[in-house]
Amino acid sequence: MTRPPRVIGEADILARLMSSVAPTRDSRRLERMEDLVSLCARRGFIFPSSEIYGGINGFWDYGPLGVELKNNLKATWWQRVVRERPDVEGIDTAIIAHPRTWEASGHVEHFSDPLVDCRACKKRFRADQLDEAGPCPSREGTSDHDFTEARQFNLMLQTQIGASEDAASMAYLRAETCQSIFSDFKRVRESSRQKIPFGIGQIGKAFRNEINPRNFTFRSREFEQAELEFFCHPSERERWFDYWRRERLRFHIDLGLDASSLRMREHGKDELAHYCNAAIDVEYLFPFGWQEIEGIHDRGDWDLSRHSEFSGKDLGVTDPQSKEHYLPTVIETSVGIDRTCLALLCDAYAEEDLGDGETRTLLRLHPAIAPIQVAVLPLSKKLAEPARAIEAELRRRFNVFYDEAGNIGRRYRRQDEAGTPFCVTYDFDTARDGKVTVRDRDSMDQERIGIPELAIYLGPRCEFGE
Ligand code: GAP
């Protein structure tokens, strides 16, 4: 696929691009999603939820490797956006909020997609994606669908609370995590004694009854978001919007995503969500095209004013100097955890030609987010005891996997496929020279390292650089 020109390129990002090291061997990037889907199922990254019942459309389970990748991504976001910043507080709120929340937020009224039915095959499609509907399997003499008129379909999932099943017990599973940040704004600001400008961040599940879940985990019905709502004076909105736009792009590059597969796309006026004054998407070039992984939004005072109105509580703030009472403007950064995991997996996937008809599949994940950081592989089962001692020591600091079974080449390949950046091999020389072999996943170079130096060697290599 030819790459369109980059839309923005700040100097530091370009500098990183220039310094990134190109693989030396012949390698092929991910072209077909099927290859990744199959690797993910085979190696236990991600697979259909309720698989033994045939799966459930739009829901996915993360296995042992997937959950580690996802947790590492969430921890990185939390570290960067919450912990490292004195001006951001973190919270963790209930998935189910008071139903009035969703009236105030505008979701009951506006959060819908246009839907059409095919009268013949009974399938449902998004009216704005009919070009992807494919042929109708149920009509005689034509493969055209027999579509109804489009109607609006609200995407919020509903549930009932308590024993009765009337309108009063109806509730929604949250469609975005940020609404409780707005309803908790006053409590969090007062208890943490934060002053404007400051932000509140949260990571959690969100639910949308998507008409057409697709592209693996890209569009799911249950997914995770990491959202920051940054509250500032209305006169400072542009400055903070620009600041967060840059910060967030930098985040994705630091994760190891190829900078030439990232771009920022500004929304046209007709695309803006009901709460938005301005929006820029961080997009990644997936095998199925450029798609959003994060949105940066200027929400103005839409949410705080609506929640003030619907709750009857004043959510405004008073400037301590000027005594001006005002509703802060909100700059939001909202990243999909599942979509970013998918981008990381697509980006990391490579098939390398090793010569003599041999190829290897590897995931070039950044060591700081790789599910397993170090694999300890004794050359023979007879060396298990000292190798186990190294494993136990390394486990205190790294996520470690131990494997003593089978041919060493095959064990390396399995770790390549899992994205493990370092393999430590205990061999028959180790007892004599006190050194193990450390094999680098990407270059396949091997280095002899003294056992006492192992953690010092691996430590900085398994962290994000400055
Ligand atoms: N609070 C603002 C908000 O929710 P959004 O653009 O609708 O904005 C933000 O969603 C991010 O959530 C998206 O960039 C995407 O990464 C993720 N997301 C949204 N819908 C999703 C879905 N159906 N499946 C997976 N991720 C989704």
Filtered residues of region 203-241 (kept if within 12 Å of Ile337 (Cα to Cα) and either of a type outside the set (Lys, Arg) or in a helix (DSSP H, G or I) (or both))
Ile203, Gly204, Ala206, Thr217, Phe218, Ser220, Glu222, Phe223, Glu224, Gln225, Ala226, Glu227
Go through Gly66, Gly54, Gly58 for me and flag whichever is surrounded by 17 or more Cβ atoms within 10 Å (Cβ to Cβ) and at positive phi.
Gly58
I need the full set of residues from region 367-403 which are touching a residue at least 60 places away in the same chain (Cβ under 8 Å) and within 13 Å of Asp427 (Cβ to Cβ), in order please.
Ile390
May I ask you to list the residues in region 290-345 that are crowded, with 24+ Cβ neighbours inside 10 Å and either part of a loop (DSSP other than H, G, I, E, B) or away from the ligand (no atom under 15 Å from the Cβ) (or both)?
Pro328, Thr329
In region 222-245, the residues that are farther than 28 Å from Phe207 by Cβ and touching a helix residue (DSSP H, G or I) at 6+ places or on another chain (Cβ under 9 Å)
Cys232
When you scan region 168-194, how many residues do you find that are in a helix (DSSP H, G or I) and farther than 14 Å from Ile95 by Cβ?
11
Identify, please: which residue in region 177-193 is surrounded by fewer than 20 Cβ atoms within 10 Å (Cβ to Cβ) and not hydroxyl-bearing (Ser, Thr, Tyr) and is, among those, farthest from the ligand (Cβ to nearest atom)?
Arg193
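For the structure I just gave you, tell me whether Phe207 is at pLDDT 95 or above and touching a Lys or Arg at 6+ places or on another chain (Cβ under 8 Å).
Details: at pLDDT 95 or above: yes; touching a Lys or Arg at 6+ places or on another chain (Cβ under 8 Å): yes.
When the stated conditions are applied, Phe207 passes them.
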Inside region 219-244, can you point out the residues that are more than 20 Å from Asp303 (Cβ to Cβ) and within 15 Å of the ligand (Cβ to nearest atom)?
Arg219, Ser220, Arg221, Glu222, Phe223, Glu224
So which residues in region 71-84 are over 16 Å from Glu294 (Cα atoms) and assigned to a helix (DSSP H, G or I)?
Asn71, Asn72, Ala75, Gln79, Val82, Arg83
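Restricting attention to region 173-180, does a residue exist that is modelled with pLDDT of 95 or more and over 16 Å from Met156 (Cα atoms)? Walk me through it before giving the result.
Quick first cut of region 173-180, residues modelled with pLDDT of 95 or more only: 173-180.
Now restrict to residues that are over 16 Å from Met156 (Cα atoms): none.
No, there is no match, as no residue in region 173-180 is modelled with pLDDT of 95 or more and over 16 Å from Met156 (Cα atoms).
Go through region 200-213 residue by residue and tally those that are touching a helix residue (DSSP H, G or I) at 6+ places or on another chain (Cβ under 8 Å) and within 11 Å of the ligand (Cβ to nearest atom). Write out each step before concluding.
Quick first cut of region 200-213, residues touching a helix residue (DSSP H, G or I) at 6+ places or on another chain (Cβ under 8 Å) only: 200-203, 212.
Now drop any that are not within 11 Å of the ligand (Cβ to nearest atom), which leaves 202, 212.
Matching residues across region 200-213 total 2.
Looking only at region 33-52, filter to residues that are in a loop (DSSP other than H, G, I, E, B) and farther than 18 Å from Arg364 by Cβ; which one of those is modelled with the lowest pLDDT?
Restricting attention to region 33-52, the residues satisfying the condition of being in a loop (DSSP other than H, G, I, E, B) are 43-45, 49-50.
Retained after the next criterion (residues that are farther than 18 Å from Arg364 by Cβ): 44, 49-50.
Details: Gly44: 95, Ser49: 98, Ser50: 98.
Once the filter is applied, the top-ranked residue is Gly44.
Looking only at region 118-167, how many residues end up being assigned to a strand (DSSP E or B) and in contact (Cβ under 8 Å) with a residue 12 or more places away in the chain? Give the derivation first.
Initial filter on region 118-167 (assigned to a strand (DSSP E or B)): 118, 124-126, 147, 151-154, 158-160.
Applying the additional criterion that residues be in contact (Cβ under 8 Å) with a residue 12 or more places away in the chain yields 118, 124-126, 147, 151-154, 158-159.
Of the residues in region 118-167, 11 are assigned to a strand (DSSP E or B) and in contact (Cβ under 8 Å) with a residue 12 or more places away in the chain.
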Unmet criterion (only one of (1) at pLDDT 95 or above; (2) surrounded by 15 or more Cβ atoms within 10 Å (Cβ to Cβ)) for Glu103:
(2)
Picking from Arg239, Arg263, Arg219, Arg245, the residue that is of a type in the set (Lys, Arg), at pLDDT 95 or above and more than 21 Å from the chain's Cα centre (by Cα) would be Arg239
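Does region 263-272 contain any residue that is closer than 25 Å to Ala104 by Cβ and in contact with a helix residue (DSSP H, G or I) (Cβ under 6 Å, 6 or more places away or on another chain)?
Looking through region 263-272, none of the residues is closer than 25 Å to Ala104 by Cβ and in contact with a helix residue (DSSP H, G or I) (Cβ under 6 Å, 6 or more places away or on another chain).
The values are calculated or read from the model by the stated rules, or taken from the named source; none is laboratory data. These numbers come from a predicted model, not from an experiment. Neighbour counts are summed over all protein chains in view; Cβ atoms, including those assigned to glycine, are modelled from backbone coordinates with ideal geometry.
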